[in-house]
Structure formats: structure tokens, C-alpha cells
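J.: Below is one structure. I have some questions about it.
The values are calculated or read from the model by the stated rules, or taken from the named source; none is laboratory data. Just so it is clear, the structure is predicted and the values come from calculations on it, not from any experiment. Neighbour counts run over all protein chains shown; Cβ positions are idealised from the backbone, glycine included.
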Amino acid sequence: MTEISPAARRLKQLREEAGLAMREVAEALDWPLTRYQHYEDRYRRAHLPLDFMRALAPIFESRGVPAAELLALAGLADSEIPRSARQRRMASSAVAGGAVGSRDLPVLGAVKGGAEGFYFNEGEAKEYLVRPPTLDGVANGFALYVEGESMEPRYFAGEILYVNPNRPITRNCFVAVELADGQGMIKQFLKRSDEHVMLHQFNPPKDIRVPVENVKRIYRITGASELG
């Protein structure tokens, strides 16, 4: 039996270096988990599909893995990889989004007395935290503090959550929801219709239906850590 290809093994290595779970990658692609697993666990061709690598590149780049690393797994020689992909990792440390380790990441959610959840600060940062690899070069990234117990054991009160507004919202991902009145909620996204946004909380477990007109924005949470 032919062994799993070196490209598939390298893909797994890059994913683990990025701190991504297989399920996170599958959700970001809006794929079933088994479809993504095929490319790490059962793929035997010398090179991974180019379209697949192009789809993965922004997901891995958000965790500090250069796009060129992914495109190389599709068999592209360095000279064939777009110059922007080769240089993006270097350039990201110089853009407005800041570099990893910089204390320039704004906290845009503040707890207000008696509120269930938190309130967004209307773009005005109250403090700044150390920028994690997940938001390297993401100029509009920001952080939030968890308030309340509704998402335990996934997130706990006082935990820092990182938000990348550029990442797509997919089924079962975790999101920060900004309501029209400025209030914010941390929930799991289920689906959206023309009339409602369906969310889920863990503690106590229940689904929440929010009228679309009450929702101002939905942001995808990319990770949590006590880096500040």
C-alpha cells in the first residue's frame, strides 16, 4: 500500500504549528471534517490540489504560516509562487495591524455594571494588549473580555478572546455579536435566515433567536489566551 504523501504529512505539521485543530480548519472551509481529514490522513499523491492550498492559505496565514508554505505543497516552485505570497509574511509586521508581540491590539468591549454580557466601545479602545500570532498583520483585529458564565466550559469569565473581522462566519463557529443597542454577546453561531440569527449558549444550554434587525455585526472569534 502506498504511504501517505510527504505533502500530506507536511500539511499536518503546518496545521499543528499554527495551533489549529482539524475541525477549526474544516469549519473555516465550510467542509465536513471527514473531507479535510482525507488530505492529512489518506492522501497519497505527491502534491496537494492547488485550489485547496489557495483556500487554506488565508486560514493558515492568520496563524502566522506564510501562504508560500501552503502553495509549495501544491508543487509550485518558489519562482512560480506569487511575489505577494512570498513577501506577505515579511510585510505583515510593518502594516498598521502591527507585529506579533506588539502591545497594540485594542480591547473594544467593556463590561458595564449589571449587564448580561458586555458593551462595545464604539471603536474606542480602553486598553491595549499584546498582539498574538492569530492577528499578525490584521489591521482591524481586536480583543474582548468574556463576561458571565453562559459559554462555560468553552470560555470563562475574564478570559481574553481575539477577533478577526475578516474571517467568514460558518456554522458552529464561535462569535461576538454586536447588537443595535451596543450590547455584545459571545455565543456559538448556528444559522441565519432573512428574519433571525440563531445562536447557542452552553450554560444553561439553549438556542437563542435574535431578530436580524437587532443585530449590527457578527465577528468570528479566532482564539483565546491570557497574553495580556
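J.: Residue check, E124 against (1) loosely packed, with under 15 Cβ neighbours inside 10 Å; (2) modelled with pLDDT of 80 or more; (3) acidic (D, E), all met but one. Which one?
T.: With (1) loosely packed, with under 15 Cβ neighbours inside 10 Å; (2) modelled with pLDDT of 80 or more; (3) acidic (D, E) applied to E124, the lone miss is (2).
J.: If you don't mind, there's one more thing I want to ask. Tell me whether region 58-71 contains one or more residues that are surrounded by 14 or more Cβ atoms within 10 Å (Cβ to Cβ) and among the β-branched types (V, I, T).
T.: yes
J.: Based on this model, can you work out whether E195 counts as more than 21 Å from the chain's Cα centre (by Cα) and either modelled with pLDDT of 85 or more or in the same structural domain as G19 (by TED's automatic domain parsing) (or both)?
T.: So E195 fits the description; yes.
J.: Being hydroxyl-bearing (S, T, Y) and modelled with pLDDT of 85 or more, is that true of even one residue in region 132-153?
T.: no
J.: Mind listing whichever residues of region 155-187 are more than 20 Å from S62 (Cβ to Cβ) and either out of contact with any strand residue (DSSP E or B) (no Cβ under 9 Å at 6 or more places or on another chain) or not acidic (D, E) (or both)?
T.: Selection gives F156, A157, G158, V177, L179, A180, G182, Q183, G184, M185, K187.
J.: Just checking: which of the helices (runs of 4 or more DSSP H) contained wholly in region 11-75 hold 1 or more residues that are at pLDDT 85 or above and over 24 Å from I169 (Cα atoms)?
T.: 67-72
J.: Restrict the check to region 176-186 and report whether at least one residue is assigned by TED's automatic domain parsing to the domain that holds Y219, surrounded by 14 or more Cβ atoms within 10 Å (Cβ to Cβ) and under 16 Å from K206 (Cα atoms).
T.: Scanning region 176-186, I find at least one residue that is assigned by TED's automatic domain parsing to the domain that holds Y219, surrounded by 14 or more Cβ atoms within 10 Å (Cβ to Cβ) and under 16 Å from K206 (Cα atoms), so the answer is yes.
J.: Quick one: which of R10, R42, R35 is surrounded by 14 or more Cβ atoms within 10 Å (Cβ to Cβ) and more than 21 Å from F189 (Cα to Cα)?
T.: Residue meeting the stated conditions: R10.
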